[in-house]
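The values are calculated or read from the model by the stated rules, or taken from the named source; none is laboratory data. Bear in mind that the values here come from a model prediction, so they are computed numbers and not experimental data. Because the Cβ atoms are built from the backbone with ideal geometry, glycine has one as well, and the counts that use them run over all protein chains shown. Note: areas computed on protein heavy atoms with side chains; ligands, DNA, RNA excluded. Shrake-Rupley method; radii C 1.70, N 1.55, O 1.52, S 1.80 Å.
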Amino acid sequence: MDKLFNGFLALIACNVFVILFLMLYKILEGARLSLQTYGFSFFWGASWEPFPPTPDMQPSFGVLPLIQGTLVTSAMALLLATPISLGIGLTLSEFSPKRLNFLVSFLVELLAAIPSVIYGLWGIFILIPFLQNHIYPALQATFGFIPLFQESIRGPCVLTGSIVLAVMIIPTISAISRDVFAAVPDSQREAIIALGATRWETARMVMSYARSGVIGAIILGLGRAVGETMAITMVIGNSFNLFNSLFDPSYTLASIIANEFTEASSPPVYISALIEVGLVLFVLNLAINAFAIVIVWQTMKRVKGS
Amino acid sequence: MVLLSYVALIIALIPLMNILIETTIRGVSAINLSFFTEQIPPLGQAGGGVGPAIQGTLIVVGLASLVGVPVGVFSGIFLAEFRNTKLTYVSRYLNDVLSGIPSIVIGIFSWIIIVTIIGWSVIAGAFALAIMMIPIVTRTTEEAILLVPITIKEAALALGIPRWKTTLTIVLRNAKKGMITGILLSMARVTGETAPLLLTILGSRFWFGGFTEPSAALSLTIFNFSQSPYSTVDWPRAWGAALVLILMILGINVMVRYYTREKYG
Amino acid sequence: MSYKIEIEDLNAWFNAKKVLKDIYMKIPEKAVTAIIGPSGCGKTTLIRCINRMHELSPGGKVSGRVLLNGENIYAKDVDPVIIRRKVGMVFQKPNPFPMMSVYDNVAAGLKLTGLNDKSKLDEIVEKSLKLTSLWEEVKNELHKSGASLSGGQQQRLCIARALAVEPEVILMDEPTSALDPLASAKIEQLIRRLSKKYTIIIVTHNMQQAARVSDFTGFLYLGELVEFDETKKIFENPKTELTEKYITGEFG
């Protein structure tokens, strides 16, 4: 009976193998037509023409602008979110009294619990008008000499997308960094405090002790940002172009799937191209996460072990 | 510099507070009784409600839980009971990988597996959400079981109770609280999902019409109304639906916090 | 005799539990003072009150006065950070910073004080490592992680780290309890040598160790200072029955 039960458990626990394998296999299969038709030009191309203007032309698909939009918004989101998240992680593990921690952890969890589509709604109707009227003109006036801040200001744009993504990944990075900070042994804190370190200097030591875990947390945040769909779709402007300015609208890998998938019934290569976009996103995300999880795990093990 | 850390916290909480306040203010004015009971009107048309969206969300999440919860719970038991086998390590690792996969990719997968065969349907949506629930339930079940003192388990084993029975009764009973927390949180998480539903249940304006039919969902309704050009009729409805969705999700979160409160004293 | 530290009417708590009761104690300068007593008697708490570490423990609270060079370290306008630079501490388990090299471990406290002059740092690091007899053993591995040393070396590294900031007092909380006898003996010799220059307070539950290294000994029992005198007198001619019973090993 025990053997039977254990076998049953092991079988069920294998669900992840089946799911991930099938997912990779099926998506590869779905993208095959596009992979064969476009090869590498799919990655370097910058045109998205499912329905060419004249009937004698072939549809063309190249995702460079999507990759640009995805990577730039994600990277900027990390730049904005990392200092804030580390501050929160430190507050929770080092500075704030235990009783306050309960409330603050709950609020940060709520930030993570709010659905993407509601961040998008908030982005469209509240954040964009605010940024467009108050913040962006000031930014342009101050940094207008840099090309990234030139050109006419658009509400839905790269910068707006980055800001919304930043808000959304703050809970991820703060929660993991709090955990790795909290895992730093107290004997390390006492050692530096006894040398006459201030609270801030102690916190810096904690960060340096847990730095690889912090890097893991940041990379996991990146993974989340890259795959984020609805909110960014609603605020980035969905314009298929390589952009020059942070005030330009853009498009991401995930957004184009959300916007076009349900209407892409024909030609067959169109849906296959969209599935290939999904494949790119999948592989990108796998690479990021597979790496980050290992880092976080190893840090936790090392930190707790010593 | 310590002060700066608190400032970081406050900066992060501003959007949260702003979202909660704005959604409440803007949402409340759109809500009345018929908002819950009537079908979804076409864009730009006054009247109607979001009844089918609430119904659709509940059905899809419920159906997803029927699959996702047991699979997750048993996987979690496996990971907790067999701490150090190779299979456990790989399985735990892939579980974490799976929980990080973008929901839109899971949407595409569900589309290929289900929609291409039976069409846009509640089943396809539930399939996608179940895949998202499994890793969360697995992880929290594992953690909950690991918190059960080993002495309780040994006491049961020493009484001659077989291992499988000990696990299913004594261990699970003691881990119940943590497991329910995880299950509820995973449900809260998928209740707000939009992207995978877009590719599976498609959206609809009508009441539930069967498991193989397209369906409405709150998140899709919010998205559709937010994209409408009719600012006076449809935008308030988007906020109303957002308020209902937030209340459902916050409700679950507050419940969970209340339920687990004593753990933190 | 001049006193480096004078403890007056010191009380300490963990939450509602009082762990030190009305301690009065005068600790002589440039000598080794040992605090002995059964575990749980408040020895560690007592020395953690001398560098204001006790108040950082969860639920830790202190009342009373601790005078360092005649000035109360618990006075309102005193910054505990400054006190901790004057009063160094060595812990029960060696706790070098594993992410730092041997060199950086010793320099850690100096860098906190803002010293960045490389040649000056080199000089102090070498001096501190020589004081702890570690220099010959590690001078070719200064860049290696502090965690790569043996347990005894790690503890001497921690002592060097404490010495580098030139403290006036060094507190040692059972510094040899995690070490083997040979490594312990080295630390004890080191303590004797350092006592010529520093005021040292060492907590130990090893009575032979107290007898070997200290000039003065205080016996602490259930949070009260039962007896405090020259080590010789405590061990040869204790005044109270309780002390006698403890040092003859009847309990503890």
Practice task
Mind telling me which of the residues B:SER75, B:SER99, B:SER65 ends up being more than 8 Å from chain A (Cβ to nearest Cβ) and in contact (Cβ under 8 Å) with a residue 60 or more places away in the chain?
Solution key: B:SER65
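Quick one: which residue in A:THR202, A:THR198 is among the polar types (S, T, N, Q), touching a residue at least 60 places away in the same chain (Cβ under 8 Å) and either over 18 Å from A:LYS301 (Cα atoms) or more than 7 Å from every other protein chain (Cβ to nearest Cβ) (or both)?
A:THR202
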Practice task
Scan region A:182-195 for residues that are crowded, with 24+ Cβ neighbours inside 10 Å and out of contact with any strand residue (DSSP E or B) (no Cβ under 8 Å at 6 or more places or on another chain) and jot them down.
Solution key: A:ALA191, A:ILE192
Handout entry: Test for C:SER150: is it closer than 25 Å to A:TYR209 by Cβ and within 14 Å of another protein chain (Cβ to nearest Cβ)
Key = no
Handout entry: Checking A:LEU79 against (1) crowded, with 19+ Cβ neighbours inside 10 Å; (2) under 23 Å from the mean Cα position of the chain (by Cα), the condition it does not meet
Key = (1)
Exercise for the section: Evaluate the following for C:LEU194: is it touching a Leu at 6+ places or on another chain (Cβ under 8 Å), closer than 25 Å to C:TYR3 by Cα and surrounded by fewer than 21 Cβ atoms within 10 Å (Cβ to Cβ)? Expected result: yes
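One line per residue, one yes/no per condition, for (1) touching a helix residue (DSSP H, G or I) at 6+ places or on another chain (Cβ under 8 Å); (2) modelled with pLDDT of 90 or more; (3) acidic (Asp, Glu):
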site	(1), (2), (3)
A:SER266	no, no, no
A:LEU279	yes, yes, no
A:PHE282	yes, yes, no
A:THR299	yes, no, no
A:VAL303	yes, no, no
Problem - Scope region B:147-170; condition open to solvent by less than 80 Å² (accessible area, probe 1.4 Å), over 18 Å from B:PHE74 (Cα atoms) and part of a helix (DSSP H, G or I); matching residues - result: B:ILE152, B:ALA155, B:ALA156, B:LEU157
Exercise for the section: Go through region B:144-169 and give me each residue that's among the charged types (D, E, K, R) and free of Cβ contacts under 8 Å to residues at least 12 places away in the same chain. Expected result: B:GLU154, B:ARG163, B:LYS165
Completion exercise
The correct count of residues that are within 20 Å of A:GLU263 (Cβ to Cβ) and part of a helix (DSSP H, G or I) in region B:119-139 is 3
Completion exercise
Checked region A:8-34 for anything more than 10 Å from chain B (Cβ to nearest Cβ) and touching a helix residue (DSSP H, G or I) at 6+ places or on another chain (Cβ under 6 Å); matches are A:LEU33, A:SER34
Practice task
Would you point out which residue out of A:ILE169, A:ILE176 is open to solvent by 10 Å² or more (accessible area, probe 1.4 Å) and either more than 10 Å from chain C (Cβ to nearest Cβ) or at pLDDT below 95 (or both)?
Solution key: A:ILE176
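Could you please let me know if A:SER239 is assigned to a loop (DSSP other than H, G, I, E, B), touching a helix residue (DSSP H, G or I) at 6+ places or on another chain (Cβ under 6 Å), more than 14 Å from chain B (Cβ to nearest Cβ) and not hydrophobic (A, V, I, L, M, F, W, C)?
no
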Problem - Output for region B:65-111, where each listed residue is buried (at least 22 other Cβ atoms within 10 Å of the Cβ) and of a type in the set (Val, Ile, Thr) - result: B:VAL73, B:ILE77, B:ILE101, B:ILE104, B:VAL105, B:ILE106, B:ILE108
Completion exercise
Inside region B:1-58, the number of residues satisfying the requirement of being open to solvent by less than 30 Å² (accessible area, probe 1.4 Å), at the interface with chain A (Cβ under 9 Å from one of its Cβ atoms), of a type in the set (A, V, I, L, M) and farther than 20 Å from A:LEU127 by Cα is 1
Problem - Scan of region A:83-134 for residues that are at the interface with another protein chain (Cβ under 8 Å from one of its Cβ atoms), among the polar types (S, T, N, Q) and in contact (Cβ under 8 Å) with a residue 24 or more places away in the chain, ordered by number - result: A:SER85, A:SER116
Fill in the blank from the handout: Scanning region A:260-281 residue by residue, the ones that are open to solvent by less than 10 Å² (accessible area, probe 1.4 Å), in a helix (DSSP H, G or I) and more than 13 Å from B:ILE112 (Cβ to Cβ) total 3
Exercise for the section: Collect the residues in region A:207-232 that are within 13 Å of chain B (Cβ to nearest Cβ), open to solvent by less than 10 Å² (accessible area, probe 1.4 Å) and not small (Gly, Ala, Ser), keeping them in residue-number order. Expected result: A:VAL226, A:THR229, A:MET230, A:ILE232
